[in-house]
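Encoded as structure tokens, the structure appears first; notes follow it.
The values are calculated or read from the model by the stated rules, or taken from the named source; none is laboratory data. These numbers were taken from a predicted model, which means no experiment stands behind them. All Cβ positions, even for glycine, are placed from backbone atoms using ideal geometry, and neighbour counts span all protein chains on display. Calculation scope for accessible area: heavy atoms of the full protein, side chains included, ligands and nucleic acids excluded. Shrake-Rupley method; radii C 1.70, N 1.55, O 1.52, S 1.80 Å.
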6 protein chains.
Amino acid sequence: MAKKLYVINPNSNTAVTAGIDAALDVLRQEGGPVIECVTLAEGPPGVQTQADVDRAAVLVRAFAEAHRPDAAGFVTACFSDPGLHSLREIPGMVSMGISEGAALTAMTLGQRFGVIAILEASIPRHLRAWAAMGVSSRLAGEVSIGRTVAELADSDATLAGMAAAGKVLRDTHRADVLVMGCAGMARFRESLQDAVGLPVVEPSQATVAMALGRLRLGW
Amino acid sequence: MAKKLYVINPNSNTAVTAGIDAALDVLRQEGGPVIECVTLAEGPPGVQTQADVDRAAVLVRAFAEAHRPDAAGFVTACFSDPGLHSLREIPGMVSMGISEGAALTAMTLGQRFGVIAILEASIPRHLRAWAAMGVSSRLAGEVSIGRTVAELADSDATLAGMAAAGKVLRDTHRADVLVMGCAGMARFRESLQDAVGLPVVEPSQATVAMALGRLRLGW
Amino acid sequence: MAKKLYVINPNSNTAVTAGIDAALDVLRQEGGPVIECVTLAEGPPGVQTQADVDRAAVLVRAFAEAHRPDAAGFVTACFSDPGLHSLREIPGMVSMGISEGAALTAMTLGQRFGVIAILEASIPRHLRAWAAMGVSSRLAGEVSIGRTVAELADSDATLAGMAAAGKVLRDTHRADVLVMGCAGMARFRESLQDAVGLPVVEPSQATVAMALGRLRLGW
Amino acid sequence: MAKKLYVINPNSNTAVTAGIDAALDVLRQEGGPVIECVTLAEGPPGVQTQADVDRAAVLVRAFAEAHRPDAAGFVTACFSDPGLHSLREIPGMVSMGISEGAALTAMTLGQRFGVIAILEASIPRHLRAWAAMGVSSRLAGEVSIGRTVAELADSDATLAGMAAAGKVLRDTHRADVLVMGCAGMARFRESLQDAVGLPVVEPSQATVAMALGRLRLGW
Amino acid sequence: MAKKLYVINPNSNTAVTAGIDAALDVLRQEGGPVIECVTLAEGPPGVQTQADVDRAAVLVRAFAEAHRPDAAGFVTACFSDPGLHSLREIPGMVSMGISEGAALTAMTLGQRFGVIAILEASIPRHLRAWAAMGVSSRLAGEVSIGRTVAELADSDATLAGMAAAGKVLRDTHRADVLVMGCAGMARFRESLQDAVGLPVVEPSQATVAMALGRLRLGW
Amino acid sequence: MAKKLYVINPNSNTAVTAGIDAALDVLRQEGGPVIECVTLAEGPPGVQTQADVDRAAVLVRAFAEAHRPDAAGFVTACFSDPGLHSLREIPGMVSMGISEGAALTAMTLGQRFGVIAILEASIPRHLRAWAAMGVSSRLAGEVSIGRTVAELADSDATLAGMAAAGKVLRDTHRADVLVMGCAGMARFRESLQDAVGLPVVEPSQATVAMALGRLRLGW
């Protein structure tokens, strides 16, 4: 039986998982690993605070431990990469986090990436993450849309906010590629791209693509 | 009743807590806040992996929530600063982590600080932390002694390892101040200082001192 | 007789010294070291140019040499830290500079600190200092209020200027903590905090608090 | 007809192209784009100097222009990424360079990557490239084996040199992942991995994997 | 016969060469090396894309090879420094690039240099170059005037655009020295200086001055 | 009467001034500014501590003020650049410091410059200076020879120490260009170059060359 690449949405919002799942369809291939998107029912409704991130990290790792037998790898599909470095302690697995994968991919699409965050409070956390990754000099800036994960359900308002943020990133921060800073934004990639005229990185897609490559290459 | 500054040892090793507690005596003052060192019995025997750090983060936050009524602040007394940014989401508290406090203090004692880590595997985690803090350019380097937290109980071997590491940091990495990279090393500060001839920062001491200052200054 | 921590205002403006002195009251403790604020009568009316800084450095060191017998340490209380690294060449003393202490403290209060400078010409000097300290990546930005040290005496205009600068740092530079970039601003901490809604670091307070900690810890 | 991903070896050494081609087999998939490895007959025998790089850049771009009709993308398969940013000026193509792809992938496999260069003179060029990419803080170091591209044909001596260099990178530079710094080293990945005990990134593989992902994702 | 310092304009625009030539007059001295400005007739009308840069690099190197016998050195007089590191592989020559020389000189004239670029698309290329040089922390920012090299011929519109860009760099990016980011802007130095009130670095001048110094000093 | 470029040796060691003066001969030209090397008799015997630097800064500025009428510019010829930023506050002068000029010039001669310091205690001061200049990423490292300025008088021992240090910088730190970190080393440039086989930057020469260029260019 083919092993699975588990894409773990660590919040309990199944609409977010569905959005990720749909976005990943384009990466599913005959003979490729099964890409299975899962929701952590015990997760918070949205990973919005550091406390959420820390709890999510533990849940993500617990999920991974429980699913090692049929797993080829794990993607922690929240933009704060909860549990990423813990997942990497499990030998024999490909483990990736979606903010990392998004940034690394964006670095091949433009010189300066701009990030659309959900909440203002997410930004300092992201800034620490970019610095820890060593990619801060490629960041153009971050702009938040002031919406919780739950509030992303309102598509019109969310897209309007994202387009406005994207234009600020493009015109004021001089970004030439955008990164959507939340897994819950997955379904807006195309419309955002149209609205702003820059390539838009959907982080789960970018990261799963890298994970699939690593699986084929054997590390 | 005076509020307390809780110094939380997130591992279950009471000898470590006792070592921290003794090291902090010099900071206790008439009229100052009560400095109370606690052990998290449900913590791991040592915080040695990222999984340990993530679980500790949740436990530290839970402890803090439970003790808000009589708390003035919290110090997460493990060199991976588990739960630090989560603690900072609790309003009205002074929250500090000991690697942060140690680094910031070391930056006033020398130009390049060298860190003595317990395990080789701790070093990449620390490197990410220094980068996230934005202080990497002040790091001379890290050298591990290859001992778990439990193994620190063997004082002679531990001190010998620390002195050797300290000399490498001094002579090869050109550190001019040392930071002990584990709360469980607290009792070795003086002997290490004597052995290597550089100022040695005990991270719990350095951090509690900063926390006491912040308490007096009202943020 | 208890040794003294000398807080040296290197300009000749006694109102500035009085402001520092009042700000430090909260740090004075029974049994703690005497905190003595002094004015260098031969100093410039304000340390506003590099020439001022260089002369102040020599005066600060001379003062320290003259007061070694009863000194436990020295704080050079001007935001250009005149004489700091020279003071550090005097063995057995705790020597600190207020811009260094302010930055290191601000790094525990927020992710990106914003600095309110007195004069536009101070900013390049500060930028060199942050870079030399290795903390530039944590700086949100600097905004000047265009007032000399003497002109800080006009409290209403000064506070208005500081509040305006603080709001620009908060809203445009995305600072989440402010640092007052002159010892002569000490008395405005509370009003500025109220006006801008961010924690405000008064540099002499922050630095003396760290110095007191270092004195207790024996380096 | 399926479009092609052209992997361009800009030197004229067909053994190098064959090595790349074999290394990429694992990435070829039913229904995936055709991965076609080509040799630039007019290229230098090895891209070893900056003059080689500059000439290769022009040749790579010329090849790409000539093959636009049936191309989905281009990978410039020399570790100096000749022509990469020129390729990126051709709209509607996925263009990647193998040092970039190698570094970005290595950043998901370890904290500090070490690079095995062919010649000492390649290293300053690589250092400029890592800095331009903004990833220098993740570089552990580079060690050269002192062999030209042609000399890589001697497998035993080359592998011995690579293993020795890899061990220096692991033990002295503290790398936890290795990058082979020349497309002509492709066939040594497994043996090097065995010899050094660290994951080894073969740059053409890593980069083509990322390119395939980008092709699926539509940018 | 005195050897020559060749200043190579790699585009075919002779007006640009004439502008450089006039700007360099002030550096010509009795007994100094002959400063000869040349136009590469086969160059592009303007070096505006990366493809232009790469082709120019080859042409510049070829010119240098052809003129080694009577050359003391070479300056590649285009702001993308085409061929600079290739020129440096020719032993016994002083080789310089004008963006490098301009930046290094600007670093002695102010704390933060602002660059006036011709086209928006030039800026990412420059950002990579500053990073590769290791001087990014001294860059205030870049602003483009949206004109091709050919369009610089319209002096009034060009100067107006440059003055506007310079003021944005001064007031928004806080530059205290300006660098003209194209050799074709040489004739505007004085007027721009007057319009903006900051020192303006003309890159060919700055670089030839450094080259003359290196020639005298024998490396 | 031609204005003078004053090269100020801020220590009282006339042998050092004579060494600088001889080194600058090659830069003296018919019609060029008079290059006048002066000794500050009231300076310390060597600028070896930060206290020395601070006092020298004041003396250098005082000298400059006294000689403004016939001065075209000033070079502070001590590797700690005492008074540099103060000199720059005097309008209408070209003011340069020799560590700055040396570093900027070395950046055109190699990728990573290595510095030979006189004393171990000079190195932290230099590290702060490179960081303040923003050029740290180009520094390979510093090695001291453990000799005071006075002890440089013993030519054989000094050169032996410098050659040994230069080889460590070349072989261990991977420097490809050396900078002599003291004005008192001027006479060793050629022998050191021969001994180590790398280009050697004599800082007074490099800096005066840049100053002469700036004088001709009018800023």
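Computed values, structure above
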item	result
Accessible-area order (highest first, 1.4 angstrom probe) of the listed residues F:HIS85, D:HIS126	F:HIS85, D:HIS126
Folded to 0 to 90 degrees: helix F:122-133 orientation relative to chain F principal axis, Cα	60
Using a Förster distance of 22 Å, the FRET efficiency for F:ALA160-F:ALA15 (Cβ separation, nearest 0.05)	0.70
Accessible surface of the stretch E:91-187 [probe 1.4 Å, protein heavy atoms]: carbon and sulfur percent	57
Accessible area buried, both sides summed, chains E and D with 1.4 Å probe, Å²	1300
Position E:THR148, label points 7 Å along Cα→Cβ, spacing to each other copy in nm (shortest first, one decimal)	4.2, 5.5, 5.5, 6.8, 7.0
Shortest-first distances to equivalent copies, position A:VAL168, nm, label 7 Å out along Cβ	1.9, 1.9, 4.8, 5.0, 5.2
For the C-to-D rotation axis, chain C residue with nearest beta carbon and its distance in angstrom	C:SER137, 5
Total formal charge among the other residues, if their Cβ is under 11 angstrom from that of B:VAL201, Lys/Arg +1 and Asp/Glu -1	+1
Estimated dipole of chain D in Debye, rounded to 20 [Cβ of Lys and Arg +1, of Asp and Glu -1, Cα centre]	580
Computed FRET value (nearest 0.05) for D:ALA41 with E:ALA121, which takes r as the C-beta separation and R₀ as 25 Å	0.20
Estimated vicinal HN-Hα couplings, Hz - the stretch C:106-117 in sequence order (Karplus 6.51, -1.76, 1.60; Gly, Pro = x)	4, 5, 9, 10, x, 8, 9, 9, x, 10, 9, 8
Between the stretch E:142-203 and the stretch E:1-43, the alpha-carbon center distance in angstrom	22
Cα lying deepest toward the dipole's positive end in the stretch A:100-203, options A:PHE188, A:VAL201, A:SER136, charges on Cβ	A:SER136
Amide H partners (placed H, <5 Å) of E:VAL177, local residues excluded	E:ARG112, E:GLY114
Check: the stretch F:100-203 dipole with +1 on Lys, Arg Cβ and -1 on Asp, Glu Cβ, in debye	340
Residues losing 30 Å² or more accessible surface upon assembly, the stretch C:127-144, compared with the chain by itself, 1.4 Å	C:LEU127, C:ARG128, C:ALA131, C:ALA132, C:MET133, C:GLY134, C:ARG138
Environment charge of A:LEU169, counting only residues whose C-beta is closer than 10 Å and scoring Lys/Arg +1, Asp/Glu -1	+1
Length gained when the stretch D:GLU89-D:GLU65 is fully extended (0.36 nm per residue, less Cα-Cα span)	7.6 nm
Environment charge at D:LEU24 (Cβ cut-off 13 Å; Lys +1, Arg +1, Asp -1, Glu -1)	+1
Accessible surface, the protein assembly as shown, averaged per residue in Å² (probe 1.4 Å)	32
Degrees, to the nearest 10: E:155-171 long Cα axis against longest axis of chain E	70
In degrees, nearest ten, helix F:203-217 long axis to first principal axis of chain F (Cα)	40
7 Å along Cα→Cβ, label-point gaps from A:ASP70 to other copies, nm, shortest first	4.3, 5.1, 8.1, 8.1, 9.3
All lysines inside 28 Å of B:LYS167 as judged from Cα atoms, apart from same-chain residues fewer than 8 positions distant	D:LYS167, F:LYS167
